Structures are given as structure tokens and as C-alpha cells.
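Some notes on the structure that comes next.
Every number here is computed from the coordinates shown, using simple stated rules; none is lab data. These numbers come from a predicted model, not from an experiment. Every residue, glycine among them, receives a Cβ derived from its backbone with ideal geometry; neighbour counts consider all protein chains shown.
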Amino acid sequence: MATKLLFRAEDLLDLQSTLNKRLELVKGELYEVSTGWRHGEVMGRIYSLLDFWNRMHKAGRVACDAGVILERDPDTVRGPDVSFVRKGRISAEQARRGFVELAPDLAVEVKSPNDTWASQVAKAQEYLAKGTALVLLVRPDEYAEVHRPGQQPLRLGLDDIFTAEDVLPGFAAPIRDFFPETSE
């Protein structure tokens, strides 16, 4: 009987640099994460908006593609496209060591061309089950969905305003602002 090779969170950093690929670990199994140019633009814009807000409010830490350990034995390490963690939950030392073992307060996932929406929703449910207060799923140039524990998703169109006072006090941005202009 063949046994499946399971990896640990501690293996992932070395594997990513050795293979020169962006990887996530789901219950010990490696998954390559691929993105496109538009994905990167949208992710960068959302990061910029949250980072600007955070610099004004000094509310915590904002990061892109920062690996978080959501589960152990077998390990799950996700790298939300953008994440926010409230002040006091991550020390400077923890941030320097690699992956942190916590669910972010906010996880943002931007749909890539090779992602299915169902896989994005499943990932949102995984974050919520591990303690994330708010997951924002973003479909570039179309809409965003707000996912919260025990609530139905809320779909926001381009002209709707995204706010989350309980997680991001004072933050407000039209969904349209998440999408940089595509004209040259």
C-alpha cells in the first residue's frame, strides 16, 4: 500500500525557494499557486488601500502573500493575497521567523484566471473555520464578496462601498477602487 508524502509548514519555505514557485500547503499536500498580471495589480491596489489606512490608524499589520499556519498535523499553510492582523497579535520576532501560526483578522483572496469561484469560496470557509473574522473574495473588474462566520455572503458591486468597522475601523473604499484602470 502506497503512502502519501505529507509536508510540514517548516518544509515549505525551503521548498518554495528551491523550486522557485509559490506554494501553499493543504493538509500536508503541496499546491502551486499561480497568478496573472491583473491579479497582481488588483492585489497591489487592495494592499495599498489597506496599508494607507493602517499607517493612519496604526491598527496592526498588513501583508501580501504572507504565509499563515492554519492547521497542524497535517499542516495547512495559506498565503492570503492580502491580510490584516490586529495590533498585538504578531510580534516583530514572529514576523521575522517565517510563517505565523494564526488566522488573520482579514484575508483577501483575488481570483486568478485558473481559480474556480467554488475553490475561492471553499478557501473563505476554511479561513472562517480557523478564526478569521472577515474574508473578502474579489473577482477582478466585477465584484467582491464579504464572507463572515455564520452569515450569508454579501456581494458588493463596483459602486458599492466596502466597510468593516469591527475589523477595519474607519476604512471605507468603493469596490471600483480595488481595480486599477486597464487602459494604457
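Compared with the dominant Cα axis of the chain, that is its longest principal axis, helix 9-19 is turned about 80°.
The radius of gyration of the Cα set in region 36-178, together with its Dmax, comes out at 14.3, 43 angstrom.
On the basis of the beta-carbon distance and an R0 of 25 Å, SER34 and LEU5 show a calculated FRET efficiency of 0.70. Helix 117-129 and the longest principal axis of the Cα set of the chain meet at an angle near 80°. Ordering MET43, MET56 by the number of other Cβ atoms within 10 Å of each residue's own Cβ, fewest first, gives MET56, MET43.
Taking the fewest neighbouring Cβ atoms within 10 Å as the starting point, the ordered list for HIS57, HIS147 is HIS57, HIS147.
Calculated mean residue ellipticity at 222 nm for the chain: -8500 deg cm²/dmol, from DSSP H runs with n ≥ 4 weighted as -39500 (n - 2.57), summed, divided by the residue count and rounded to 500. Excluding same-chain neighbours fewer than eight residues apart, the lysines reachable from LYS130 by a Cα-Cα span under 24 Å are LYS27, LYS87, LYS111. In the chain, Cα pairs under 8 Å separated by at least six residues give a relative contact order of 16 percent.
Under the simplified labelling scheme, the SER17-THR116 pair shows an inter-label distance of 3.6 nm, with each label point 7 Å from Cα along Cα→Cβ.
Database remark: amide H of LEU102 closer than 5 angstrom to the amide H of ILE69 (H placed geometrically; neighbours at sequence offset of 5 or more, or on other chains; Pro and chain starts carry no H). Remark: SER34, SER83 ranked as SER34, SER83, counting other beta-carbon atoms within 10 Å and listing the fewest first.
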